[in-house]
Amino acid sequence: MRLRRTTPQGLVRARPGPGFEVTLDGRPVPALPGRTVAAVLWEAGVVAWRTTRDGGRPRGVFCGIGVCFDCLVTVNDRPNQRACLVTVSAGDAIRTQEGVGDAGGSGADADAEAGGE
Amino acid sequence: MRVARVRMRMRKPVGSEGRQERGGRAGAGAVVVVGAGPAGVAAAVCAADQGVRVVLVDSAVRAGGQFYRQPDARWGARRPQVLHHGWRTWQRLTARLDAHLADGQVTHLAERHVWFVERAGGDGFVVHALGGSGQDRPETVRGDAVLLATGAYEKVLPFPGWTLPGVVTAGGAQAMLKGGLVLPPGRTVVVAGTGPLLMPVAAGLAAAGARVGALIESAGPGRLAWGAAKVAGHPAKLAEGARYAAALVWRGVPVRTGHAVVAAHGSVRLEAVTVAALDAEGRVRAGTGRRIACDALAVGHGLLPHTGLAGALGCRIEETAYGGWGVAVDGEQRTDLPGVWAAGEASGVGGAELALAEGEIAGRSIAARLRGREPDRRGCAAAAGTRAGLRAFARVIDGVYGPPAQWAERVGDDTVVCRCEEVPASAVRSAVAGLGATDLRSVKLLTRAGMGWCQGRVCAPGVAGVAGCAWSPASRVLAQPVPLAVLAREEGAAP
């Protein structure tokens, strides 16, 4: 028993249902139902999926609970989704995001946001 | 900007079990509870027990908040309790919640992000939420009363390298583990910062298979010993701490108190951290820096309450008697705004058990007040006693933990302090020294620090520290970003 490396799923004796595939920039990535985009990417060993708009610096999960907006990602052509909040569905096309996230030009107008003050 | 009188396209909200609720109007004698963590659920079941209709609105798929966050129900975890403290308490509470969901007394609107609560012209409140996977489906819920049980998030103070991928909040690492059953990519995690959250985070990560390279707590052994002596009257709390300490020893996790991570290193992702010893004043002891190779750093410096909805409603927000800020409440958890209650971390950070007690008191108070009665003092006595004890405990905790006094001096000029707008510490310092800014708002207007996506939730304490000005929870109109299309759908406008 001790020889096998513990995993979170093993620890809680989870039996996730059958998995499915999503894509990250066109590359297939395995996913499990109920996981967030961030959890799927972490499981795939991906730690960053966005670059900042000024410095072009890589970012990924920071707060993990939807507060910080560092983990923004494009999902099915919708930019600026919080990877830590969005639950994946089979076939989701996840794309890394550069700068303000509308480089692809899709949906940027409809997604204008108001943030207060 | 006033956002009142926004008319939403009403959709029939779907309950957590696919049950539909009548048109969003909760009816007379109804309370809308915002947040389904320990406080919100405790309040919901207590109010429902006394015949009040409850609509529980929460952003997550399952009830539990951050503390009792769970993986997807379809995963059928047979031992969820190993990642939780006080699991039996939660099981008992959710059994009561499930009964009320079944009898229709409580409706659970899951995956709804509340962005605004407004007073409906003399007749209760309207809670505005966004649903749908893209959070673009507007919904409103009406109630005669509102309970704000919005919880807390983690405070992280800046240090060189803290924006590197792989650096996450301690609570974030725990949330990803509890909810996604996933560990940060890589082999080694260092847990650092200050506060009672660090031990359970390190113990949980280690139990789940991560190699925890070290737990770095900036509070020194002297403070910790003082705290242990002060909480002698809380044997259960001491035992809880001892259990985590023992688990860390058992897993071979080195624990360094009186130490801090002074820098994170890496080019495109985290590769190592430098850990140094602190003196009694919080200064780094020269020559003690030691580099630890790691793939992830889970870091936190305490919790901050979510007071945004309360602030926008006009509720008073103040420093609590047990440390930090919170929505001001009376003995019944009532805010200074009639019809609005607050409980849990939102009314002052003190942990899940305190949240449960406050939620119970709030639920009983709501049930009585909606009928124009005084709450039954005897019924609330046990919870009130628990609340008093846990607030006293929280006050000790607040005295033990805290970032080292000199942390702001270690923030290098080129260190980004506002993550969203990529504002370096040098810009904040020159706004103060060169442009004469004396408060956080001036610093924000001069540097853009705090103007980004998160609206300063993350950076405000750090920017305030670097600028040398006071911090208090900022008042914001909207609690989270809202599509302009939603705001534009005002009454009188084209549908």
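We did not get these values from a lab; they are worked out from the coordinates using the rules stated. Bear in mind that the values here come from a model prediction, so they are computed numbers and not experimental data. Note: ideal-geometry Cβ built from the backbone for every residue, glycine included; neighbour counts use all protein chains shown.
Each label point is 7 Å from the Cα along the Cα-to-Cβ direction; what then is the distance between the points at B:ALA73 and B:LEU484, in nm?
Spacing of the two 7 Å Cα→Cβ label points: 3.9 nm.
Give me the count of lysine pairs in the protein assembly as shown whose alpha carbons sit under 24 angstrom apart, restricted to pairs 8 or more positions apart or on different chains.
Pairs that pass both the separation and distance tests number 4.
Set the Förster distance to 56 Å, then compute FRET efficiency between B:ARG251 and B:ASP98 from the Cβ-Cβ distance, nearest 0.05.
0.95
Only residues of region A:7-24 count here: report those whose backbone N is under 12 Å from the spot 7 Å along Cα→Cβ of A:ALA90, or say none.
Within reach of a label on A:ALA90, which here means backbone N under 12 Å from a point 7 Å along Cα→Cβ, region A:7-24 contributes A:18-22.
For region B:281-417, state the average projected area of the convex hull of the C-alpha atoms over all orientations, rounded to one decimal in nm².
For the Cα atoms of region B:281-417, the hull's average projected area reads 11.7 nm².
Which semi-axis lengths, in whole Å and largest first, follow from the square roots of five times the eigenvalues of the Cα gyration tensor of chain B?
Value: 37, 27, 22 Å, ordered largest first.
Nearest 10 degrees, 0 to 90: what angle lies between the long axis of helix B:87-102 and the longest principal axis of chain B (Cα atoms)?
20 degrees
Could you give the angle, 0 to 90 degrees to the nearest 10, between helix B:198-207's Cα long axis and the longest principal axis of the Cα atoms of chain B?
90 degrees
With θ set to phi - 60° and the Karplus curve 6.51 cos²θ - 1.76 cosθ + 1.60, what are the ³J(HN,Hα) couplings of region B:270-277 in order, to the nearest whole Hz, using x for Gly and Pro?
5, 10, 6, 10, 9, 10, 9, 7
Non-local amide H neighbours of A:ARG57 (under 5 Å, H modeled in plane, Pro and chain starts lacking H): which ones?
Residues meeting the criterion, in which the H sits 1.01 Å from N, are A:THR52.
Compute the helix-to-body angle for B:352-369: its Cα long axis versus the longest principal axis of chain B, expressed 0 to 90° and rounded to tens.
Between the helix axis and the principal axis of chain B, the angle is about 20 degrees.
How large is the Rg to Rh ratio of region A:17-98 when both quantities use alpha carbon positions and Rh follows Kirkwood?
Rg/Rh for region A:17-98 comes to 0.94.
Taking Cα atoms of region B:134-278, Rg/Rh with Kirkwood Rh, to two decimals?
Dividing the radius of gyration by the Kirkwood radius yields 1.05.
Out of every Cα pair in the protein assembly as shown, what percent are spaced more than 38 Å from each other?
28 percent
Report, by chain and number, residues whose modeled amide H sits under 5 Å from the one on B:THR257, excluding near sequence neighbours (fewer than 5 apart, same chain).
B:GLU217
So how much slack lies between B:ARG290 and B:HIS234, counting 0.36 nm per residue of separation and subtracting their Cα-Cα distance, in nm?
Using 0.36 nm per residue and subtracting the Cα-Cα distance, I get 16.5 nm.
7 Å from Cα along Cα→Cβ at both B:ALA280 and A:ARG27: what's the point-to-point distance in nm?
5.4 nm
Under a Cβ-only charge scheme (Lys and Arg +1, Asp and Glu -1), can you give me the dipole magnitude of region A:17-98 about the Cα centre, in debye to the nearest 20?
160 debye
Any chance you could run the full-extension gain for B:ALA225 through B:SER267? It's 0.36 nm times the residue separation minus the Cα-Cα distance, nm to one decimal.
Stretched out fully, the B:ALA225 to B:SER267 stretch lengthens by 11.2 nm.
Tell me, Kirkwood radius of region B:208-318 from alpha-carbon pair distances, in Å?
Roughly 16.9 Å, rounded to one decimal.
Amide H to amide H, which residues 5 or more places from A:VAL22 or on other chains are under 5 Å from it, using H placed in the peptide plane?
For A:VAL22, whose amide H was placed from the backbone, the distant partners under 5 Å are A:VAL29, A:ALA31, A:GLY91.
How big is the charge dipole of the protein assembly as shown about its Cα centre, in debye rounded to the nearest 20, if each Lys and Arg gets +1 on its Cβ and each Asp and Glu gets -1 on its Cβ?
1540 debye
Roughly how compact is region B:411-467, stated as its Cα Rg over 2.2 N^0.38 Å to two decimals?
0.94
Work through the residues other than B:TYR322 whose Cβ is under 15 Å from its Cβ and net out their charges, Lys, Arg +1 and Asp, Glu -1.
Charge balance near B:TYR322 sits at -1.
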